[in-house]
Amino acid sequence: MKLLLSELDSPLGTMLLVTDEREQVRGLHFGNRMERLHRSLREHYGACELTGASAPAAVAHAVGRYFDGDVQALDSINVAIAGTDLQRNVWAALRRIRVGQTTTYGTLSRLLGFSDPRAAIDVGAAIGANPIAVVVPCHRVVASNGDLKGYAWGLHRKRWLLEHEGAIQPQVAAMHTASLPGF
């Protein structure tokens, strides 16, 4: 399989975009995770030819619009992801989580038809194997207590994305009242 690699700029650093010849997104990783990108491509496609190219204009434009504040812009991007049936079902469900909302691993598991609470572990593993950052919004899944939990591309990016989408409130530096006059 021939895949095309390009770079996109974002407020969170360079992103590595992998598309196929039909301009479908096969992978999107942050630049500092090149090893994860190569591992993901091997896991999903086996041996593949990765060639440098310009990013497809439609994909680059949609990603740019998203980071510029049009948080719905990613909905127009076509993805094609190889994976197990469970992984593909989980990744499709992630794309149905609305911008500005989060869900939990357990809730997502139940929405996929699993009644055993332990299935959330398998759903979590599928989420962790997501090869397409941001467009397949695994960042919208949080722990049942609201904690952000892990994110393959760094919790600081997960927090930024959720704040950008309005799903969580921006962190404000704690003010120390003891240092203020009169307190």
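Read the figures in this text as sums done on the coordinates, not as results from a lab. In this text, all values refer to a predicted model and were calculated from it rather than measured experimentally. Please note: Cβ atoms are built from the backbone with ideal geometry, for glycine as well, and neighbour counts cover all protein chains shown.
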Inset, instruction - Compute the Cα gyration tensor for the stretch 36-114, then decide on rounded, prolate or oblate, letting a ≥ b ≥ c be the square roots of its eigenvalues: rounded whenever a/c is under 1.5, prolate when a/b is larger than b/c in the other cases, and oblate in all that remain. - result: oblate
Inset, instruction - Give me the net charge of GLY124's neighbourhood, meaning all other residues with Cβ under 15 Å from the Cβ of GLY124; Lys, Arg count +1, Asp, Glu -1. - result: +2
Inset, instruction - Enter the Cα centre distance for the pair the stretch 92-153 and the stretch 1-15, rounded to the nearest angstrom. - result: 23
Legend entry - Cα long-axis angle, helix 85-95 against the chain (0 to 90 degrees, to the nearest 10): 50
Legend entry - Angle in degrees between helix 119-128 and the longest Cα principal axis of the chain, rounded to the nearest 10: 70
Legend entry - Projected-area average for the stretch 2-76 over all orientations - Cα convex hull basis, square nanometres: 4.8
Legend entry - Helix axis angle, 57-67 relative to the chain longest principal axis, alpha carbon, degrees: 10
Legend entry - Equivalent ellipsoid, the chain (semi-axes from 5 times Cα gyration tensor eigenvalues, Å): 30, 22, 14
Inset, instruction - Report the relative contact order of the chain, percent, no decimals, based on alpha-carbon pairs under 8 angstrom and at least 6 residues apart. - result: 20
Inset, instruction - Please express the shape of the stretch 85-164 as an equivalent ellipsoid: the semi-axes are the square roots of 5 times the eigenvalues of the C-alpha gyration tensor, given largest first in whole angstrom. - result: 19, 13, 11
